[in-house]
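Participant: Let me begin by handing over the structure; questions about it come next.
The values are calculated or read from the model by the stated rules, or taken from the named source; none is laboratory data. Every value quoted in this text rests on a predicted model; they were computed, and no experiment measured them. Every residue, glycine as well, gets a Cβ built from its backbone with ideal geometry; the counts of neighbours run over all protein chains shown.
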Amino acid sequence: MPGIGVISNANARLNKMAPWLKNRLNFILGRRGELINTYTLEDVDKALQDFINLEVDIIAISGGDGTAHRTIEKLLKAFSPEKLPPLLLLPSGTQNMVPKSLGITGNSITTMLQVQTMYTHNIPIKTIRRNLLKVNEHYSFMFGLGVPPRYLQRHYARGTSHWNAVTLLADYAWDGIKKGDKARELFKPVPMKYSVNGSEPIFNETIHTIFCSFAEELALRWRCFPRAGWQKDNFETLFVDSNFLQTFPILGHLWAGSMKELKGLERHMTTSVRLELETPEPCTLDGDLYEPELVFDIKPGPELRFVVPSITNFDRNINARSEKTGPWGRVFYV
């Protein structure tokens, strides 16, 4: 079926706050696509099966990073990556790190308007090729261990607004300055053996934070992984072992996307990471929390195409591995 298929997660933050959002998206689509509102993962299965059977040109996902992560996992378990159409991520969730990393700067409505206009008028649209991470049996753009899941557990317990995220950071910062228990617990080390790119395992008992990422940004525009999308099958990895007061001075460099060597922070461009922990720890994948495990095998997953409707974008990080999709053989409309 020529057209755009949209999966709208009814449980995503913006979709719950603004139930009319799906109606606006449906209106924009008109006869050139179909929107399916999903409440459960079983609904997602049915919607994806319909879209693949109908051979839609683009699959759009309306929700946050967690929605995209779970939906893409469903796609990869059911279909070959080579057969998948380009994916469009419509930012409307609690966290929207991945769309921003790809260069999608607007909200879900403006992004959908751009794509639908270009699609209707048969104008080729830029797509970005990006790998996913394969973490044990899961797929995601970003993996976090130690501080990230600990922070998110507290954040989700308080509420998922950006204000709560900022105030929680400020709370931890103040507690860290006072050398309080909350900051000490947040930065508690995770004793482990780790191996990078198949090297001999190294034992470490001071690392408290590990990130592996194919996306450049964290929430609140922290560009911690400026090289994450440059090369196929190479993701950026950060190991952090500095205490809170040592970490504080380097935060500005991390926010700005600096690639300089920083004290207490070890960077790698990697093709594989293996972590063997002494005690089970939870992890986060694209903002979703997962149950504690002892071993994490992290390597590149399949490479997918993502639609980025920006007309002008000169960021070399975003333009790396970009191409065009279309035209689709439609009639030009005015």
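Participant: What do you reckon, is G264 in contact with a Ser or Thr (Cβ under 6 Å, 6 or more places away or on another chain) and surrounded by fewer than 18 Cβ atoms within 10 Å (Cβ to Cβ)? Lay out the reasoning, then the answer.
Facilitator: On the way: in contact with a Ser or Thr (Cβ under 6 Å, 6 or more places away or on another chain): yes; surrounded by fewer than 18 Cβ atoms within 10 Å (Cβ to Cβ): yes.
When the stated conditions are applied, G264 passes them.
Participant: May I ask you to say which residue of A256, A228 is surrounded by fewer than 15 Cβ atoms within 10 Å (Cβ to Cβ), out of contact with any helix residue (DSSP H, G or I) (no Cβ under 7 Å at 6 or more places or on another chain), within 20 Å of L102 (Cα to Cα) and of a type in the set (G, A, S)? Talk me through it step by step, then tell me what you get.
Facilitator: On the way: A228 fails: surrounded by fewer than 15 Cβ atoms within 10 Å (Cβ to Cβ).
Step by step, each of A256, A228 is checked, and only A256 is surrounded by fewer than 15 Cβ atoms within 10 Å (Cβ to Cβ), out of contact with any helix residue (DSSP H, G or I) (no Cβ under 7 Å at 6 or more places or on another chain), within 20 Å of L102 (Cα to Cα) and of a type in the set (G, A, S).
Participant: Follow-up. Just name the residue that is nearest to S272 (Cα to Cα) out of those in segment 144-159 that are surrounded by fewer than 18 Cβ atoms within 10 Å (Cβ to Cβ) and of a type in the set (G, A, S).
Facilitator: Going through the qualifying residues, I end up with A157.
Participant: Checking the conditions here, which among F27, F51 is aromatic (F, W, Y) and modelled with pLDDT of 85 or more?
Facilitator: Working: F27 fails: modelled with pLDDT of 85 or more.
Checking each option against the conditions leaves just F51.
Participant: Here's another thing I want to ask about it. Only residues that are part of a strand (DSSP E or B) and out of contact with any Ser or Thr (no Cβ under 6 Å at 6 or more places or on another chain): list them for segment 238-255, please.
Facilitator: L238, F239
Participant: Just one of the numbered conditions (1) more than 21 Å from A228 (Cα to Cα); (2) hydrophobic (A, V, I, L, M, F, W, C); (3) assigned to a helix (DSSP H, G or I) is not true of I61; which one?
Facilitator: (3)
Participant: Specify which of the listed residues (V190, V166, V147, V196) is among the β-branched types (V, I, T), closer than 21 Å to H69 by Cβ and outside the structural domain of L84 (by TED's automatic domain parsing). Full working, then the answer.
Facilitator: Values: V190 fails: closer than 21 Å to H69 by Cβ; V166 fails: closer than 21 Å to H69 by Cβ; V196 fails: closer than 21 Å to H69 by Cβ.
When all the criteria are applied, what remains is V147.
Participant: Separate question: Could you tell me whether P81 is in contact with a strand residue (DSSP E or B) (Cβ under 9 Å, 6 or more places away or on another chain) and either surrounded by fewer than 18 Cβ atoms within 10 Å (Cβ to Cβ) or at positive phi (or both)?
Facilitator: Details: in contact with a strand residue (DSSP E or B) (Cβ under 9 Å, 6 or more places away or on another chain): yes; either surrounded by fewer than 18 Cβ atoms within 10 Å (Cβ to Cβ) or at positive phi (or both): yes.
For P81, the condition - in contact with a strand residue (DSSP E or B) (Cβ under 9 Å, 6 or more places away or on another chain) and either surrounded by fewer than 18 Cβ atoms within 10 Å (Cβ to Cβ) or at positive phi (or both) - is met.
Participant: Let me ask something else about it. Given the options S258, S199, name the one that is assigned to a loop (DSSP other than H, G, I, E, B), free of Cβ contacts under 8 Å to residues at least 24 places away in the same chain and among the small types (G, A, S). Don't jump to the end; show me each part of the working.
Facilitator: On the way: S258 fails: free of Cβ contacts under 8 Å to residues at least 24 places away in the same chain.
Every option except S199 fails the conditions.
Participant: On the given criteria, is T110 among the β-branched types (V, I, T), in contact (Cβ under 8 Å) with a residue 40 or more places away in the chain and within 24 Å of G30 (Cβ to Cβ)?
Facilitator: Numbers: among the β-branched types (V, I, T): yes; in contact (Cβ under 8 Å) with a residue 40 or more places away in the chain: no; within 24 Å of G30 (Cβ to Cβ): yes.
So T110 does not fit the description; no.
Participant: Taking the residues in segment 156-196 that are part of a helix (DSSP H, G or I) and of a type in the set (S, T, Y) as candidates, determine which candidate is nearest to H268 (Cα to Cα).
Facilitator: Y172
Participant: Taking the options A183, A173, name whichever one is out of contact with any strand residue (DSSP E or B) (no Cβ under 7 Å at 6 or more places or on another chain), farther than 22 Å from M97 by Cβ and touching a residue at least 24 places away in the same chain (Cβ under 8 Å). Spell out how you get there, then give the answer.
Facilitator: Details: A173 fails: farther than 22 Å from M97 by Cβ.
Just a single option satisfies the conditions, and that option is A183.
Participant: Output the number of residues of segment 88-143 satisfying the condition of being within 27 Å of V273 (Cα to Cα) and outside any loop (DSSP other than H, G, I, E, B).
Facilitator: Looking only at that region, the number is 19.
Participant: Further, regarding this structure: In segment 202-231, what residues are in a strand (DSSP E or B) and within 13 Å of the chain's Cα centre (by Cα)?
Facilitator: Selection gives F211, C212, S213.
Participant: While we're here: Any residue that is at pLDDT 90 or above, of a type outside the set (A, V, I, L, M, F, W, C) and under 20 Å from L238 (Cβ atoms) - is there at least one of those in segment 110-125?
Facilitator: No; the residues of segment 110-125 include none that is at pLDDT 90 or above, of a type outside the set (A, V, I, L, M, F, W, C) and under 20 Å from L238 (Cβ atoms).
Participant: Which residue is surrounded by the most Cβ atoms within 10 Å (Cβ to Cβ), if the candidates are limited to segment 169-187 and must be modelled with pLDDT under 85 and of a type in the set (G, A, S)?
Facilitator: That would be G176.
Participant: Exactly one of (1) aliphatic (A, V, I, L, M); (2) closer than 20 Å to G287 by Cα; (3) surrounded by 22 or more Cβ atoms within 10 Å (Cβ to Cβ); (4) in contact with a helix residue (DSSP H, G or I) (Cβ under 9 Å, 6 or more places away or on another chain) is unmet by L41. Its number?
Facilitator: With respect to (1) aliphatic (A, V, I, L, M); (2) closer than 20 Å to G287 by Cα; (3) surrounded by 22 or more Cβ atoms within 10 Å (Cβ to Cβ); (4) in contact with a helix residue (DSSP H, G or I) (Cβ under 9 Å, 6 or more places away or on another chain), L41 is out only on (3).
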